Each structure stands twice: as structure tokens, then as C-alpha cells.
Amino acid sequence: MKTFKTHGAQRGIALLTVLLFLMLLSALAVGMMYMSTTDTQINANFRAEQTAYFAARAGLEEVRDRMRSASANSLNASLPTGAPGSGASSVLYVINQGTDSTTVQPWNASNKYFDTELCHEGTSLYTGTVPTADQPCTTAPSGTWYTSTTTALPLFSSTSAAIPYKWARLTLKVNSSNQNHYVDSSKTASSLVCYTGQYEQILTASSCASQWTASNPVYMITALAVTKDGGRKMLQGEVSLQPGGLFNYGLFATSSGCSAISLTGSVSTDSYTTAGGGTYSSTQTNTGGDVAAVGNISAGGNAASIGGSVGSVSFQGAAGSCTPGNPGASYAYTGSTGDIVTNTSNVVEQIPTQSTPTPEIPTGPTGGANVSGTQTLSPGKYGDISLNAATLTLKAGTYYVNSISTGGNAKIVLQGAVTIYLEGDGPSSSASPLDIEGNGQINAAGPPSNLLIEYAGTNGITISGTPTPALALYAPNAPVSLKGGGNGGIYGAIVGQTVSNNGNVSFHFDRNLRNQFPDASYFTLLGFRELYY
């Protein structure tokens, strides 16, 4: 009989196998725990970075909003006027201290929240060797080169949920602000930059508004956010107002038809500027007296003298018949090139689409008596103002008037800036809400920006050059007729549905009006980037 022996040495195999499997499972468990921890850390880091990103964006957007003149807690009066380094007002910091125990001082190189982008914002600010692109600044300028203010929106500032952006900086853009990506590499690094509504260009005139292509300054907003978890983001945006206040051209017609502007007879245009106290005699030039329309500009052969450019939104060519709807027609200009003063700046060109909204005429006070005879008025509501050989003095402020007509030697004298909203269709003897004629004077002693007249209706308006009116008229739905006579002419700017004349009209565009009644909308974000330091 056979017997089988059990070898004791084999009895540990099962135990060893179990231990190996336990070790493997433990390793898997530890690995899973490690992966889970890593994922948690990655998620936490991502969350901190995203929190910092949107916090920095909040700081950028706060400043962009407060740049508007109509914004609550507006920064508009403090906007930089010179390139970084040109003075204390050239750099503005908005500080969001919140509950942070560390004082936020972006101008201090030893501070936790030092502005490490500053040296890239203009060569006159930084005298050392500027680090290469994407490298942080390590030192701060000396002297007085910045101003600061506190945030207007300390949202949840007394709680742990406070928005953690630390500061936002506002400067004008210069040629070298975006390092290695100059606006114009042929110009100096510290040249200021303007925005035309289509592209950026280097400032070559005294101001962006005085450029041949009217434009607005470009501003740089840089914002830093740092979270409690260590997330850090620095964002930068370029912003500018879309060019185009109410008056971009001396004469502008909203009509898309033929002869939207008609310049027949001995008519002339030129320009000057009242900026900085300028006068017509000291700043007059045979350029800049621009006329433009959505449709066609028509000039009588060699009788007109246009000291400026001729522009059309519906540009199809330089000359020829105007036949709207026919792609082969010329909508821009019907006339002789001899009607345009010879100068390389005076051209026939296509212009961007213009925004000419119908003015919203506010509701004025109740009442409104008719006015005639020599007297002084205070801001308020009035009926028909009819002047003949009388002097009307208007105190500074806003007026709501049914109509205005002048004759004889009537004068309108202003005691400061006046805005007139025309509400009606004119006096019983006339269908015109505005009829300025006679041998008097209308705002003759002041700049055109002191007299803004707005009209939303469609009745015709007549303005004569005999009383040498100086005004800014915005009536985009009304036909405007200009009459000649006298040597003074009409000063200012005019927007109408159509603009025509009866000859002998001298029109002088005050280029400073481009700056006087700007668009109060938000600054447009032109560019946006993240800075990795």
C-alpha cells in the first residue's frame, strides 16, 4: 500500500501569495490615493488660477467702466494726459486693499504686489535695461510718477469672499507698450498711439483729434489679482472710445441720396480750432474743412472752394453721375476737382459708416412763454423765441425751446455754455424750428462749443452767414439750408439730413468740436492678453 507525504515546505506558498496580493492591493490603493490627492491639488490650483483670472478681469472691467464720463465714481477727470513718465498724472493706480493684511503698493519694488509689468510701459519711465519680453521688472522708477485712488466697488470687501484683485493701472499706450510688437517700428518707442475706429496709428499731431484721420487716444489697463491660495494672474487690455462724437466733419448729411450736400455758387469751406484758446485768425487752414455724407456730395463747377476732404459712406468712385442703386455709379462726389483746394490732405475718399442717432429731446419744465425783445433768460422752457433788432442774453445751462427766429440786427449773447433742445415746428409765421437771418450776431464772442442746438424733427432749418453765427447744430432728420451774405460766414459744425446753400456761404469748421461732444458709451476693448509674470 502506497502512502503520500505532505511536504511542510509547501504549506507557506498560499500565505506568501496572499501577502503579495495584499502588497499589490496596498500599492494600488496608495497610488489611487496619491492620484486623488494630485487631482485635488491640480483642481485646487486650477480653481485658484481661474479665480485670479476673473478677479483680474473684474479689476480691468471696473476701470474700463469708470473711464466713462457718465459713470458713477467716474475716473474721467483723472485720465492720463501724457505718456508714462511725463508726470504724476501719467500713471493712475486703482487700489483694492480689501481685507489683505499686506498693504498694496504696486509702485514699491519690495512690496508683495509690485507692478512687474511697469518697465515695459514706456522708455521714459524706466532708465535701466528693460528686461526681454515676458520677463518681470525688478526695480521701480524714482521720483513722482504716479497717482492712486481706491476701488469704487469693494464688493464683499469685509468678508472672505472679497474679489482678490489687488490693483489696476491705467496709462496711455505708447509705441512700445506691447514689447516686440510696435505699432510702427519706424517711430520712437515712446510715441503715443491713437485709434481711428479701424486701426491704431502713431500720434503725429498735437492730439489724436487733430490727426488727419480723426481718432481717439488708446489706453492700457493692467490688472493684478492674487488669491489666498497662491493663484496669481496679470491681465492687460487696450481700450479706446470709438471716434465719432456728434461732429466729425464740418458739414455732414445723413441722406443716402444724390446731392445730400449741395455746394453751388461761391461757397467755401476751411477749418480752424478753438482748442487752447485758438482763434480763426490764428489757426485758420485750407485743410480740415471737411464735408461728408452717407450719399453724394455735389459741387457747382469751379464755383466752390472746398478747403478740406470730400467723403462718402456710399463711395463708388471719385466723380461722375450719382445714381443710387447702380453699382457702377459714383456716389461720392459730383463736381470738378478744381472745386477742391489743391493740397495732398484734401482728397475724395470713402469714410466709415457714421452713427447719427436721432437726439432724445428731454422733457423740459412745464409752461413756456413766447420771447421777444431785449432781455436776459435763465435755463428753462420757452415757446417761440422771435427776435428783431433785439439782444437776447442766455445764462449758461439747458433750454427747451419751441423755435428760434432772428431778423434785423438781432443778437444772441451767451454767458457760458448753452444747450438748446428745439421741440416744436416753429412760430405760427414759419414752419422752421430754427431760422437765423438778418444782420445781427449769434454767439459771436464765444467758441461754437458754447452753443449746442439739437433738433429731432423733420422741418427745414435756415442759417444765414450774415449774423456770423458760431454754433454746433445736430439735426440729423432735418434739411438744412445755408445762406450767404456778409464777410464773417458760419462757424462751427452742422449735421442735417441734407445740407444745401444759396451761394456766397463761407463755412469755417471748428475742429475742436470733435472733442467737445464725445460719445458717452463704454470704451471699446481693442486688445486683450495675459502676462505671465
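The values are calculated or read from the model by the stated rules, or taken from the named source; none is laboratory data. From a predicted model like this one, the values you see are computed outputs, not experimental measurements. Here the Cβ positions follow ideal geometry from the backbone for every residue, glycine too, while neighbour counts run over all protein chains shown. SASA here: full protein model, heavy atoms, side chains in, ligands and nucleic acids out. Shrake-Rupley method; radii C 1.70, N 1.55, O 1.52, S 1.80 Å.
To the nearest 20 Debye, how big is the dipole of the chain about its Cα centre, given +1 on the beta carbon of each Lys and Arg and -1 on that of each Asp and Glu?
Working: 23 positive and 28 negative charges, 390 e Å.
Dipole size: approximately 1880 debye.
Going by a ≥ b ≥ c, the root eigenvalues of the Cα gyration tensor, does region 244-303 fall in the rounded group (a/c under 1.5), the prolate group (a/b larger than b/c) or the oblate group?
Numbers: a/c = 4.01, a/b = 1.51, b/c = 2.65.
It comes out oblate by the Cα gyration axes.
Check Ala390: other-chain or 5+ apart residues with amide H under 5 Å from its amide H, H built from backbone geometry?
Those lying under 5 Å, H to H, from Ala390 are Asn409, Ala410, Lys411.
Among 406-417, 448-459, how do they line up by average Cβ neighbours within 10 Å per residue, starting with the highest? Can you show the working numbers first?
Details: 406-417: 18.4, 448-459: 20.9.
Ranked from most to least packed, the peptides come out as 448-459, 406-417.
Can you tell me what share of the DSSP beta bridges in the chain is antiparallel? A percent to the nearest 5 is fine. It would help to have the intermediate numbers written out before the result.
On the way: 33 of 118 bridges.
Antiparallel bridges make up about 30 percent of those DSSP assigns within the chain.
Counting only protein heavy atoms and a 1.4 Å probe, tell me what percentage of the chain's accessible area is made up of carbon and sulfur. Please list the in-between numbers first.
Working: 12570 of 24280 Å².
Roughly 52 percent of what the probe reaches on the chain is carbon or sulfur.
If I fit a long axis through the Cα atoms of helix 13-66 and take the longest principal axis of the Cα atoms of the chain, what angle between them do I get, 0 to 90°, rounded to 10?
Approximately 20 degrees, to the nearest 10.
Between (1) 30.9; (2) 32.4; (3) 43.6, which entry matches mean projected area of the Cα convex hull in nm² as derived from the coordinates of this structure?
Step by step, mean projected area of the Cα convex hull in nm² for this structure corresponds to label (3).
Send over the per residue convex hull volume for region 154-276, Cα only, as a whole number of Å³. Provide the component values of the computation, followed by the final result.
Numbers: hull volume 24.6 nm³, N = 123.
About 200 Å³ per residue, rounded to a whole number.
Could you give each residue of region 75-92 its phi-based ³J(HN,Hα) in whole Hz, using Karplus coefficients 6.51, -1.76, 1.60 with θ = phi - 60°, and x for Gly or Pro?
Running phi through 6.51 cos²θ - 1.76 cosθ + 1.60 with θ = phi - 60° gives 9, 4, 6, 10, 4, x, 10, x, 4, x, x, 7, x, 5, 7, 7, 9, 10 Hz.
Cα centroid distance between region 333-353 and region 451-482, in Å?
Measuring centre to centre over Cα atoms gives 24 Å.
Could you work out how far apart the two model spin labels at Thr285 and Thr37 are, taking each label as a point 7 Å from the Cα in the direction of the beta carbon, and quote it in nm?
In this crude label model, Thr285 to Thr37 measures out at 7.1 nm.
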